[in-house]
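The values are calculated or read from the model by the stated rules, or taken from the named source; none is laboratory data. Just so it is clear, the model here is predicted, and its values are computed rather than measured. Positions of Cβ are backbone-derived with ideal geometry, glycine not excepted, and every protein chain shown enters the neighbour counts. Ligands, DNA and RNA are excluded from the accessible area calculation, which covers all protein heavy atoms including side chains. Shrake-Rupley method; radii C 1.70, N 1.55, O 1.52, S 1.80 Å.
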Amino acid sequence: MASSDTPFAHVEAPGFREALGYAGRTLGLVWQTAPRLTLTIAAVTIVVALVPALAAYLAKLIVDTVLAAIASQDAADRHAAMIWVAAEAAVLGGGMAARRILVFLKRLLHAELGFAVSAKIFDKTSRFDLETIERADVQQQILLARQHASARPYNLANRLIETGQHSLTLVSLAAVLWTFSPLAVLIILIGGLPLFLAELRFSGSAFRFYTGRTPEMRQRNYLESLMTSENPAQERLHSAATTQVRERYNSLFRFLFGEDRKLHGKRTAFGVVLLLVSSGFFLGGKAWVVWATVMGALTLGQMTMYAAVLKQGQNTVTTLLATLGGGYEDLLYISNLYALLGREEGQARGGATAGPQPGSGFRLRDVGFVYPGSKRAALSGLSFDIPVGQKLGIVGANGSGKSTLVKLLTGLYLPQTGTIALDGLAVRDWAPEALFARTAAVFQPSQRYSLTAGENIAMGEGLREMDRERWQNAAEAGLAAPVLDDLPEGMDTKLSKQFVDGRELSGGQWQRLALARAMLRSGADILILDEPTAALDPAAEAEFVARIAERDATLIVISHRLSTLRLCDRILVLEKGCIVQDGTPGELARAEGVYRDLFREQSDFYA
Ligand SMILES: Nc1ncnc2c1ncn2[C@@H]1O[C@H](COP(=O)(O)OP(=O)(O)OP(=O)(O)O)[C@@H](O)[C@H]1O
């Protein structure tokens, strides 16, 4: 399986300054998120850091006083030895307690930081415009940032805290070892370097592996959900399809697993060899200390202390350098997070809440639109007006650009060429909220929220508004009242099988809720409906059409069913992104063209 070209191919290892910048920003984020917790962690860390050197020194005092007590047979020396034992027990016990408390505090910090980073990601993605968030590279960047949202910034912060802790331990141990020989300090420092270099080398390739394979991982995750979710129930009946999906999943899994194993195998082999090298340094140091004691240069107490300090020192240097090396990998992920947070949110929008010619409706001039990455224009050269109060129907074959056109009218996309103006002001100059307040829309496919039935309607305006009477009115207008009546807890019934006590609805019932959601926006004077009746039964369709016809709003409705469009006073026919017919339903039914063919096909069908 070939590795795909990914948007992360360009994620370069940050330079030293950049890395420091990210580390600083992450620490700043930690401080902002939980200042008191951070201070407490810092204080407990200092306590934990000083324990090893203190314990080694107390071990020396114990051995020295025990030897003195044996030599003097003095009760005071015997007591002194026991006091040092008690002191050592207190230090070790206190150290252990502090370490446990530190784990708990860090767990709290992890949760708080995860929440803060997720909030930043949600804030950012909610500001992306539709064109930006639909891009595959943006989706992948978001996925990666979300997957590592809580872990990486916390890991880095934790590594920085641990780096401080290990550095303090190392300085205190080095101060003790210095009294033996400065060369011994050098031995433990050099002994840890090989492992550090290995860590640095592999963290870069681990990042490239995990980010480089993201499309494959996404596909694997998708196939997993395909095999376990209830949605593709019909396809499940065909065992061949299930088997083939399974086979594809298996081969993806084996590929990803194989790559993962290769990477970690190499990492482990390098680690083992370099660990042996670093142990060699430590053993050399220990042999030197033992030799000095045998030669009478050190007391037994000093030998015990220096041996313990050497061991602790080697461990600390190894851990410290591994911590720093692993931090580099975290930084790579964090650079992706900050790249996402710094990404442009979309094209600039204005802040106007009204146009200079109120009541003039939509005016489109030479509008063209090409989807990012597409070679073909979805729309081109569209010029027409939609006067206020007009009931406009749009028809055309699949892929002719109908949905794209209504997304442009609502400002979800902005045209690349030409202009769309509402009330004499370009759509891009309107404040998005003001445009939203003017328009109520049902898009295709309509959204199915795994919330309660009432909340499915309320989502038309957001969940904050809890006006159940308005929800009920909207349900009546959108033909969803019978759906609510049939549910065991009415509006409060949870929808979707994701809930143990949730109910599933039929396609038509979901569509009625989507219509009710649009009807909730009674203040909107432009109603945009993309295939509003596709899933409705004929009686419901007729009732909906009659109700919509009564509404005093500009109506733009897309439908393949001409029966739905009978309320329209004007029809636009699109073909390959261009307008090929424009007229009243009567005119178009008489003129030769796409509309008349459609009209005949549909009336022949019912004849
Ligand atoms: N999000 C998208 N990204 C890229 N291309 C898209 C996207 N949505 C639609 N297209 C392409 O734009 C063209 C117009 O699609 P559009 O959805 O507007 O057609 P439509 O007339 O509404 O079709 P249908 O009747 O099937 O709903 C099609 O060629 C389609 O492949």
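Annotations for the structure displayed:
- When each of L50, L29, L54 is tested for being assigned by TED's automatic domain parsing to the domain that holds V171 and open to solvent by less than 70 Å² (accessible area, probe 1.4 Å), the lone residue that passes is L29.
Matching residues to (1) within 21 Å of T319 (Cβ to Cβ); (2) modelled with pLDDT of 90 or more:
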site	(1), (2)
M1	no, no
P7	no, no
P14	no, no
L20	no, no
G24	no, no
G28	no, yes
A34	no, yes
T38	no, yes
L54	yes, yes
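- Taken over region 138-154, residues that are within 16 Å of the ligand (Cβ to nearest atom) and open to solvent by 40 Å² or more (accessible area, probe 1.4 Å) amount to 1.
- Filter pass, G393 being within 30 Å of R561 (Cα to Cα), outside the structural domain of K120 (by TED's automatic domain parsing) and touching a residue at least 60 places away in the same chain (Cβ under 8 Å): yes
- Hits in region 322-347 - residues which are in contact with a His (Cβ under 9 Å, 6 or more places away or on another chain), of a type outside the set (S, T, Y) and either open to solvent by 20 Å² or more (accessible area, probe 1.4 Å) or over 30 Å from P432 (Cβ atoms) (or both): D330, I334
- All of (1) over 30 Å from G411 (Cα atoms); (2) crowded, with 16+ Cβ neighbours inside 10 Å hold for K120 with one exception: (1).
- Residues located in region 490-509, provided they are open to solvent by 70 Å² or more (accessible area, probe 1.4 Å) and closer than 13 Å to L451 by Cβ: D492, K494, Q498, R503
- When region 383-398 is filtered for residues that are part of a loop (DSSP other than H, G, I, E, B) and either under 13 Å from D530 (Cα atoms) or not aliphatic (A, V, I, L, M) (or both), the ones remaining, listed by number, are P387, G389, Q390, N398.
- All conditions but one from (1) out of contact with any Phe, Trp or Tyr (no Cβ under 9 Å at 6 or more places or on another chain); (2) open to solvent by 10 Å² or more (accessible area, probe 1.4 Å); (3) among the β-branched types (V, I, T) apply to V557; the one that does not is (2).
Yes or no, residue by residue, for (1) touching a residue at least 60 places away in the same chain (Cβ under 8 Å); (2) of a type outside the set (D, E, K, R); (3) outside any helix (DSSP H, G or I); (4) in contact with a Ser or Thr (Cβ under 7 Å, 6 or more places away or on another chain):
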{"site": "A59", "(1), (2), (3), (4)": "yes, yes, no, yes"}
{"site": "D64", "(1), (2), (3), (4)": "yes, no, no, yes"}
{"site": "A69", "(1), (2), (3), (4)": "no, yes, no, no"}
{"site": "A76", "(1), (2), (3), (4)": "no, yes, no, no"}
{"site": "A86", "(1), (2), (3), (4)": "no, yes, no, no"}
{"site": "A98", "(1), (2), (3), (4)": "no, yes, no, no"}
{"site": "L108", "(1), (2), (3), (4)": "yes, yes, no, no"}
{"site": "L113", "(1), (2), (3), (4)": "yes, yes, no, yes"}
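- P387 more than 16 Å from the ligand (Cβ to nearest atom) and over 33 Å from the mean Cα position of the chain (by Cα): yes
- Residue list for region 560-582, filter: within 16 Å of the ligand (Cβ to nearest atom), of a type in the set (A, V, I, L, M, F, W, C) and surrounded by 15 or more Cβ atoms within 10 Å (Cβ to Cβ): L562, L565, I571, L572, V573, L574, C578, I579
- With respect to the conditions (1) exposed (fewer than 13 other Cβ atoms within 10 Å of the Cβ); (2) under 27 Å from A59 (Cα atoms), Q312 lacks only one, and its number is (1).
- Hey, T419 at pLDDT 90 or above, farther than 24 Å from I548 by Cβ, away from the ligand (no atom under 16 Å from the Cβ) and hydroxyl-bearing (S, T, Y) or not: yes
- Filtered by the rule that a residue be under 19 Å from T417 (Cβ atoms), away from the ligand (no atom under 16 Å from the Cβ), of a type outside the set (D, E) and open to solvent by 40 Å² or more (accessible area, probe 1.4 Å), region 348-384 gives A348, R349, R363, R365, S383.
- Of everything in region 390-412 that is in contact with a Leu (Cβ under 6 Å, 6 or more places away or on another chain) and under 24 Å from T353 (Cβ atoms), the residue that is nearest to the ligand (Cβ to nearest atom) is L412.
- Being under 21 Å from A553 (Cβ atoms), away from the ligand (no atom under 16 Å from the Cβ), buried (at least 18 other Cβ atoms within 10 Å of the Cβ) and of a type in the set (D, E, K, R) is a property that does not hold for R470.
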